[in-house]
Amino acid sequence: MTTRMECKAPALFAPSPHLSDRINHNIVQSEIDGGVYLHELPRGAVLEVETQDWICTLEYCGDNEAWVSGHPRFCPEPVRVYVAGSTWGGSMLKQFYIGRGMHLEFLHPTFERILTSPVNEIRQLH
């Protein structure tokens, strides 16, 4: 007896004629490299985000906010931040997304806008 399983295909980005080839390429590459959309995380999920410079722990609070720690200057102790998303180093932001190969951007209550070096790896701890 064979059981048939159906899988829903992910909704992939279709290149836009209104965006440059470079931007379309970056968006497609972010889907290939992978990452995490904050809205897919449950409250209390803990991520370890490894960038080229440091490793941070991010505990998701919901509503695109998280407790972030691990940086000796910006967050040696957990600090609540607003996670804006990720960029490719320019002004275009992929909102509420943490992507491999991209720069994580969050708003810190003291230092304001923080832009990390590119993300190497994302691991879900809890």
Among the residues in region 82-94, are any more than 17 Å from E31 (Cβ to Cβ), under 11 Å from the mean Cα position of the chain (by Cα) and aromatic (F, W, Y)? no
Just to be sure I understand, how many residues within region 31-81 are touching a residue at least 12 places away in the same chain (Cβ under 8 Å) and either acidic (D, E) or under 17 Å from H126 (Cβ atoms) (or both)? 30
Within region 29-68, considering residues that are among the small types (G, A, S) and loosely packed, with under 15 Cβ neighbours inside 10 Å, the one nearest to V81 (Cα to Cα): G62
Quick check on G90: is it modelled with pLDDT under 95 and more than 19 Å from R123 (Cβ to Cβ)? yes
Would you check which residues across region 114-126 are touching a Leu at 6+ places or on another chain (Cβ under 8 Å) and not in a strand (DSSP E or B) and list them? L125
Number of the condition not met by A84 [criteria: (1) of a type in the set (G, A, S); (2) touching a residue at least 40 places away in the same chain (Cβ under 8 Å); (3) within 20 Å of Y37 (Cβ to Cβ)]: (2)
Scan of region 79-113 for residues that are in a strand (DSSP E or B), among the aliphatic types (A, V, I, L, M) and surrounded by 19 or more Cβ atoms within 10 Å (Cβ to Cβ), ordered by number: V81, V83, A84, I98, L104
Considering only residues that are among the hydrophobic types (A, V, I, L, M, F, W, C) and surrounded by fewer than 16 Cβ atoms within 10 Å (Cβ to Cβ), look in region 114-126 and name the one that is modelled with the lowest pLDDT. L125
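The values are calculated or read from the model by the stated rules, or taken from the named source; none is laboratory data. Because the structure is predicted, anything quoted here is derived from the model rather than measured. For neighbour counting, all protein chains shown are included, and Cβ atoms are generated from backbone atoms with ideal geometry for every residue, glycine included.
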